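> The structure that follows is given in the form of structure tokens.
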Amino acid sequence: MASAIKRVIPMLDRILVQRAEVKTTTAGGILLPEESVPKEMQGIVVAVGPGARNPGGAGHLSVGVKEGDRVLLPKYGGTKVDMDDQREYVLFRESDILAKLE
């Protein structure tokens, strides 16, 4: 009953981000162990939820980022999401995103 995930739609104000790849080699070609390389603090928004519920009535509050935006991420936090491919995905709330990069 193994089925591939076709699409992920985050709930409310959550944002699915693909962390940027970390360079594991130096300019001279030396390979670095993964433990010594810090986490990349940038990512690309893969999917966005509809937004937080509007406390004053019906509907949702709009989210400040959209799919394809580059964002600055906190060093810690978020929920790791494992999918079929080998990329690293993390689910954050909108308030956890530090900045939008242009």
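> Tell me whether region 84-98 contains one or more residues that are open to solvent by less than 40 Å² (accessible area, probe 1.4 Å), of a type in the set (G, A, S) and modelled with pLDDT of 80 or more.
So far as region 84-98 goes, no, none of its residues is open to solvent by less than 40 Å² (accessible area, probe 1.4 Å), of a type in the set (G, A, S) and modelled with pLDDT of 80 or more.
> What residue, of V48, V65, is in contact (Cβ under 8 Å) with a residue 24 or more places away in the chain and within 11 Å of the chain's Cα centre (by Cα)?
Checking each option against the conditions leaves just V48.
> Let me ask something additional. Might you let me know whether region 33-42 holds any residue that is touching a strand residue (DSSP E or B) at 6+ places or on another chain (Cβ under 7 Å) and at pLDDT 80 or above?
Scanning region 33-42 turns up at least one residue that is touching a strand residue (DSSP E or B) at 6+ places or on another chain (Cβ under 7 Å) and at pLDDT 80 or above.
> Moving to a separate point now. Among all residue pairs at least 6 apart or on different chains, which show Cβ distances below 9 Å where the first residue, located in region 76-95, is more than 21 Å from H60 (Cβ to Cβ) and the second is open to solvent by less than 100 Å² (accessible area, probe 1.4 Å) and of a type in the set (S, T, N, Q)?
Close Cβ pairs (under 9 Å, with a partner that is open to solvent by less than 100 Å² (accessible area, probe 1.4 Å) and of a type in the set (S, T, N, Q)) amount to R87/Q18; E88/Q18; Y89/Q18; V90/Q18; V90/T79.
> In addition: Any idea which residue in region 6-19 is farthest from N54 (Cα to Cα), counting only those that are open to solvent by 90 Å² or more (accessible area, probe 1.4 Å) and at pLDDT below 85?
Checking each candidate, the answer is K6.
Let's see how each residue does on (1) out of contact with any Leu (no Cβ under 8 Å at 6 or more places or on another chain); (2) open to solvent by 60 Å² or more (accessible area, probe 1.4 Å):
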{"residue": "E21", "(1), (2)": "yes, yes"}
{"residue": "T24", "(1), (2)": "no, no"}
{"residue": "G43", "(1), (2)": "no, no"}
{"residue": "P50", "(1), (2)": "no, yes"}
{"residue": "R53", "(1), (2)": "no, yes"}
{"residue": "S62", "(1), (2)": "yes, yes"}
{"residue": "G68", "(1), (2)": "yes, no"}
{"residue": "K75", "(1), (2)": "yes, yes"}
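The values are calculated or read from the model by the stated rules, or taken from the named source; none is laboratory data. Being a predicted model, the structure only gives us computed values, none of them experimental. A quick note on method: Cβ atoms are made from the backbone with ideal geometry, for glycine too, and the neighbour counts reach across all protein chains shown. Calculation scope for accessible area: heavy atoms of the full protein, side chains included, ligands and nucleic acids excluded. Shrake-Rupley method; radii C 1.70, N 1.55, O 1.52, S 1.80 Å.
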